[in-house]
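Here is the structure we will look at.
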Amino acid sequence: MNDSKSQSASNPGVLIPVNPVIEDYMRGMLDHTDHPALIEMEMLAQKSNFPIVGRLVGVFLETMAKMINARRVFEFGSGYGYSAYWFAKAVGSTGQVICSEADFLNKEKAEHYLGAANLWGRIDFRAGMAQVIFAQTDGLFDICYNDVDKGDYPEIWLMAKDRIRPGGLYIADNVLWRGRVALEHYADVFPGWTEAVREHNQLIFNDPDFDTFINPTRDGVIVARRK
Ligand SMILES: C[S@@+](CC[C@H](N)C(=O)[O-])C[C@H]1O[C@@H](n2cnc3c(N)ncnc32)[C@H](O)[C@@H]1O
């Protein structure tokens with residue numbers, strides 16, 4: 001590990017994985033025929049400082065799901081449904097996205113936005129702890145997507161990995177954790193979270209049953225394909 005010179009000047013102890021100018025370029029290439037509900041969700045995130053995955057990662061999630069013809073997705077930590085919007089688009093009218101979210105107030109918001117986008121019929125949104133909700137489901141998933149509190153990342157991986165079908169994907173956001181995973185000295189947002197993300201990433205890369213890669217876009221998205 002090293003403390004690179006590319007640490008953010010305005011926020012020492014933090015690294016921005018991809019130069020923002022490059023991300024702006026990538027964003028500019030995307031299709032901008034957006035549903036108004038999507039714009040509203042993005043505006044709410046900006047106004048309330050809520051950590052949605054954002055447009056680039058959203059399109060990445062949709063693309064990953066379409067690539068493997070995903071029909072059944074489980075989300076750990078759904079917020080008010082922004083990432084679920086992209087999965088719901090990908091799974092098609094016969095697919096299903098099971099959302100789990102600790103803050104029950106987010107369910108109403110998700111219904112509002114995803115209903116307006118005509119995607120609510122593909123969503124099974126459950127309020128409560130993701131770990132508990134997941135344990136209440138049966139069968140294999142095409143995709144398990146993890147975006148809960150970072151201290152829980154290793155636990156979620158260990159729960160999810162055997163419930164992904166061969167050829168299916170485990171995806172988790174924030175796996176570079178603003179670069180802290182690569183730094184010797186960093187300011188942790190919550191005690192132990194950086195170490196938990198590191199452990200999570202190492203467990204996945206060490207698992208011989210998965211092919212794994214980190215896309216450094218935004219805060220780093222890990223994709224692990226079950227062999
Ligand atoms: C980063 S936000 C999720 C954002 C969402 N995936 C998106 O991009 O729109 C994390 C969410 O997970 C929820 N959360 C955190 N830990 C959780 C847990 N163990 N079970 C269920 N929800 C959890 C939080 O309430 C928060 O809304």
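Every read-out reported here was derived from the displayed coordinates using simple, explicitly stated rules and does not represent laboratory data. Here the structure is a predicted model, which means the values were calculated and not measured. When we count neighbours, we look across all protein chains shown, and the Cβ atoms used for this are built from the backbone with ideal geometry, even at glycine.
Data overview
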item: Scope the stretch 158-177; condition more than 17 Å from Val148 (Cβ to Cβ) and either within 14 Å of the ligand (Cβ to nearest atom) or out of contact with any Cys (no Cβ under 9 Å at 6 or more places or on another chain) (or both); matching residues; result: Asp162, Arg165, Pro166, Gly167
item: Pair list, Cβ under 6 Å, 6 or more apart: the stretch 89-106 residue loosely packed, with under 15 Cβ neighbours inside 10 Å, other residue assigned to a strand (DSSP E or B) and of a type outside the set (Asp, Glu); result: Phe104/Ala127
item: Near pairs, Cβ below 8 angstrom, 6+ apart or cross-chain, from the stretch 49-60 (in contact (Cβ under 8 Å) with a residue 60 or more places away in the chain) to any residue that is more than 7 Å from the ligand (Cβ to nearest atom) and among the hydroxyl-bearing types (Ser, Thr, Tyr); result: Leu56/Thr217; Val57/Thr217; Phe60/Thr217
item: Whichever residue in the stretch 113-129 is free of Cβ contacts under 8 Å to residues at least 12 places away in the same chain and not small (Gly, Ala, Ser) and, among such residues, is surrounded by the fewest Cβ atoms within 10 Å (Cβ to Cβ); result: Asn118
item: Test: residue in the stretch 89-102 that is within 9 Å of the ligand (Cβ to nearest atom), closer than 27 Å to Phe190 by Cβ and charged (D, E, K, R); result: yes
item: Members of the stretch 51-83 that are farther than 16 Å from Arg218 by Cβ, within 7 Å of the ligand (Cβ to nearest atom) and hydrophobic (A, V, I, L, M, F, W, C); result: Phe76
